[in-house]
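One structure is given here, and the rest of the page talks about it.
Rule-based calculations on the coordinates, nothing more; no lab input. It should be emphasised that the depicted structure is a prediction, and the values quoted were computed from it without experimental measurement. Here the Cβ is made from the backbone with ideal geometry for all residues, glycine too, and neighbour counts use every protein chain on show.
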Amino acid sequence: MPTVNEIFYSIQGESTRAGRPCVFVRLTACDLRCSWCDTPYAFHEGQKRSVAEVVAAVEHYDCPLVEITGGEPLLQEDVYELMHRLLALGKTVLLETGGHRPITRVPAAVVKIVDIKCPGSGEAERNEWSNIDRLAPHDEVKFVIKDRADYQFACDVIARHDLSSRAAEILLSPVHGVLDPKSLSEWVLEDHLPVRLQLQLHKYIWSPLSGGLDSYTAAAIAKAQRFSLYALTVQYGQRHARELESARAVARALGAERHLEVPIDLRGIGGSSLTSDEAVPRDRDLAEPGIPSTYVPARNTIFLSIALGWAEALGAHDIVIGVNALDYSGYPDCRPEFIGAFESLAAVATRAGVEGARFRVHAPLITLSKAEIIRRGLVLRLDYGLTHSCYDPPPDGRPCHRCDSCLLRARGFLEAGVPDPLVLS
Ligand code: SF4
């Protein structure tokens with residue numbers, strides 16, 4: 001059974017298929033540690049899923065293009081069966097591999113995108129050079145370039161191995177935020193290098209950003225996938241308005257392109273202890289059945305509707321939300337059924353949807369426990385001291401340690417085995 005980190009549908013940002021809708025299957029584990037790696041969360045996190053389950057999840061997106069990536073996908077034996085099953089369904093299958101594992105057993109019809117690690121990655125010694133002799137005419141070779149020395153290395157390899165005649169395309173990608181793409185373009189033009197400069201497509205995503213731990217982590221995961229963040233915070237008359245300050249701090253820390261705050265006062269609707277004078281439950285047994293009074297009627301439907309409207313206005317198709325169905329307070333709008341139903345709604349409720357655009361609601365935390373969410377955030381070096389979780393803070397804004405949200409947070413940090421910076425402060 002393969003261990004799968006995530007399966008998601010997005011616009012392909014790399015390779016000659018850049019710009020096309022694609023389903024990504026990210027498998028867990030990698031035996032390299034490239035200095036610029038942007039998916040360290042794939043080193044360890046993931047869930048065992050049968051090949052049949054993975055294929056069904058891919059099928060759900062009804063998309064002819066699939067990329068299997070990692071981590072390093074060739075570390076898992078089941079990847080071969082997965083590739084065969086996807087090919088049998090008529091999919092175009094791309095395999096992104098780090099270039100240090102033999103590609104001998106990869107089915108011929110799979111398009112391999114084989115990295116050649118440059119010295120700046122710290123892993124150049126691991127290149128499996130015999131892979132070059134195994135390239136099929138449709139395969140592509142990729143160099144991630146950190147600096148001029150990496151560029152020179154790539155030039156030497158391209159010439160020494162006559163790569164232009166062996167691969168369908170040679171891709172050169174600048175390390176995001178380290179090497180200015182303009183410099184790389186100038187070097188390529190100066191040398192008339194027969195390569196395709198690969199710039200990440202600008203991707204847009206929305207994050208209903210509350211300033212809490214979950215929405216911070218969900219937005220950071222989207223950022224690590226190189227989405228551009230447009231952060232949305234709704235001022236809905238919540239009694240814990242302190243979270244708005246945290247939302248601003250988090251949006252700044254994540255480098256959001258824009259942070260929109262929309263006031264919609266839900267106190268007029270009522271029906272929740274978070275938007276009224278009704279007491280917020282304290283010291284509750286979290287295993288107690290039923291939906292607590294902190295549920296805000298249709299809150300996530302309202303948030304996602306605003307996000308959908310903003311997404312449509314900007315031409316974006318991806319929305320991320322930090323809900324999770326494990327360690328939550330029993331709210332119905334935190335479950336996969338709700339997310340799936342909202343995607344269906346978006347398809348029929350918007351002009352973009354009826355004209356063929358496919359809106360996706362990404363809920364990367366939905367199957368994670370609070371401890372797993374915290375661990376993933378720590379890998380992404382998030383500062384949880386910026387966040388706010390308490391539903392009922394006293395006037396000094398410090399957490400009460402007794403509401404459901406504080407209790408879930410405390411349990412999460414305890415299980416993750418790390419101290420909560422909010423408690424320390
Ligand atoms: S091979 Fe890929 S997943 Fe592994 S460390 Fe390098 S960039 Fe990260």
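Which residues in the stretch 152-166 place their backbone N less than 17 Å from a point set 7 Å from the Cα of Arg196 along the Cα-to-Cβ direction? In the stretch 152-166, the label zone of Arg196 (backbone N under 17 Å from the point 7 Å along Cα→Cβ) covers 163-166. Relative to the longest principal axis of the Cα atoms of the chain, helix 242-253 runs at roughly 10 degrees. Across all directions, the average projected area of the convex hull around the alpha carbons of the chain is 21.3 nm². Under 29 Å of direct C-alpha separation, and excluding same-chain neighbours fewer than eight residues apart, Lys182 reaches these lysines: Lys112, Lys117, Lys142, Lys146, Lys203, Lys223.
GNM remark for the chain: springs join alpha carbons under 10 Å apart, and the peak mean-square fluctuation among Ile264, Ile319, Ile373 falls on Ile264. Counting only Cα atoms, the stretch 214-350 measures 41, 33, 29 Å along its principal axes, largest extent leading.
Hydrodynamic analysis of the stretch 1-63 uses the Kirkwood radius over alpha carbon pairs. Inserted into Stokes-Einstein at 4 °C and 1.567 mPa s, it gives a translational diffusion coefficient of 101 µm²/s.
Residues whose amide H comes within less than 5 Å of that of Ile145, counting only those at least five positions distant or on another chain, are Ser173, Val175 (H built at 1.01 Å from N in the peptide plane).
The GluC sites (Glu not before Pro) of the stretch 44-109 that DSSP puts in a loop, and whose beta carbon has at most 14 other beta carbons within 10 Å, are Glu77. Spread over its residues, the convex hull of the C-alpha atoms of the stretch 103-242 is 157 Å³ per residue. Within the stretch 39-111, none of the chymotrypsin sites (Phe, Trp or Tyr not before Pro) combine a DSSP coil assignment with at most 11 other C-beta atoms in a 10 angstrom radius.
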